[in-house]
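FYI, it's all coordinate maths here, none of it is from the lab. Here the structure is a predicted model, which is why all the values come from computation and not from measurement. Ideal geometry is used to build each Cβ from the backbone, glycine not excepted, and the neighbour counts take in all protein chains shown.
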Amino acid sequence: LPEPGTVEFKDVTFGYPGAEAPVLSNISFTAKPGQTTAIIGSTGAGKTTLLNLIPRLYDATEGEILIGGVPLKELGREAISQNISAVPQRPYLFSGTIESNLRFGAQDAEEEELWEALRIAQADGFVSEREGQLESKISQGGTNVSGGQRQRLCIARALAAKPKTYLFDDSFSALDVSTDAKLRAALVEPTKDAAVIIVAQRVSTITDADQILVLDHGEIVARGTHEELLESSETYQEIVTS
Ligand code: CTP
Ligand code: MG
């Protein structure tokens, strides 16, 4: 069996219910633990849809997705939520406290572990400045924190769960370049044994990924490392220079 956390797509096709054309066609790849798999492609290419199939927000129309060699449908909801942390493109906070938001998926974590997750996510500074700190209130939808703070709290939440698979959907877009760089550097150690899948807009942030999948109109049109794709893929060159 592949290692726990391994994500395998086998010839996956997906169309939204009621839609005529599929949004994803014949997607095959393997994201391995200890590696970063980046997905890049223009808006509407199907990147978010692809990520959303992994925690079963939708089921593949054709083909199969396996986690650690087990088909998603046999895994069960609990195993999926215990093993996979997803930071969605529009990160969501629940009304409650910062702590209750961080404990979603990490009920038994020590308080120190929550702070460690906040430190990695570059969120410890603003949390410690808020009155009540971990007990500070978050309003419905997280409207009383900034977009970048919301993003970092959702990243901290993902880290606190200590999953085997991380899904980041454009999760660093609201951060300034310097915070983005610090956060990425801090993420290396805690995610080093996990399978990490990152959807990115900025190529600069994924140049050291182990594999990059170039998605265009729902198909993987090229794959490889940054250097390989610069040589082989016109679509990639266009993304790099755009
Ligand atoms: N789509 C849809 N129904 C949804 C979500 C998306 O029909 N509930 C369609 C979109 O209109 C688009 C395609 O599915 O044509 C792919 O959408 P998405 O996966 O969200 O594309 P991304 O690559 O994530 O685009 P972006 O970079 O803008 O996030
Ligand atoms: Mg998207």
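Amide H contacts under 5 Å for Ala222: Val214, restricted to partners 5 or more places along the chain or on a different chain, H placed in the peptide plane at 1.01 Å from N. Assuming R0 = 30 Å, what is the FRET efficiency of Asn144 and Asp59, from their Cβ-Cβ distance, to the nearest 0.05? Result of the calculation: an efficiency of 0.25.
Computed from the C-beta positions of Asp176 and Asp11 and an R0 of 41 Å, the FRET efficiency is 0.55 to the nearest 0.05. Note on region 7-241: the alpha carbon radius of gyration divided by the globular reference 2.2 N^0.38 Å gives 1.01. Multiplying the residue separation of Thr225 and Arg90 by 0.36 nm and subtracting their alpha-carbon distance yields 45.9 nm. Comparing Gln140, Gln89, Gln149, which has the greatest mean-square fluctuation in the GNM of the chain with Cα pairs linked when under 10 Å apart? With Cα springs under 10 Å in the chain, the top fluctuation among Gln140, Gln89, Gln149 is at Gln140. Per-peptide packing, taken as the mean over residues of other Cβ atoms within 10 Å, places 63-70, 45-52 in the sequence 45-52, 63-70 from highest down. Extending 7 Å from the Cα toward the beta-carbon at both Ala79 and Thr207 defines two label points whose distance is 4.1 nm. Estimated at 0.36 nm per residue, the fully extended path between Ala19 and Val188 surpasses their Cα-Cα distance by 56.9 nm.
Summarising the strand pairing of the chain, around 55 percent of its internal DSSP beta bridges are antiparallel.
Modelled this way, with points 7 Å down the Cα-to-C-beta line, the labels at Asn26 and Glu131 are 6.1 nm from one another. For Arg119, put the label point 7 Å out on the Cα→Cβ axis and report which residues of region 87-108 keep their amide N under 19 Å from it. Taking a point 7 Å out along Cα→Cβ of Arg119, the residues of region 87-108 whose backbone N falls under 19 Å are 99, 102-103.
I need the Debye-formula profile for region 169-241: one equal scatterer per C-alpha, no solvent, reported as log10 I(q)/I(0) at q = 0.22, 0.25, 0.28 1/Å, two decimals. Each listed q corresponds, in turn, to -1.08, -1.25, -1.38.
Inter-label distance, Gln107 to Ser242: 4.4 nm, where each label sits 7 Å from its Cα along the C-beta direction.
When every Cα-Cα distance of region 1-141 is counted in 5 angstrom steps from zero, the calculated P(r) takes the values 2, 8, 15, 18, 16, 13, 12, 9, 5, 1, 0 percent.
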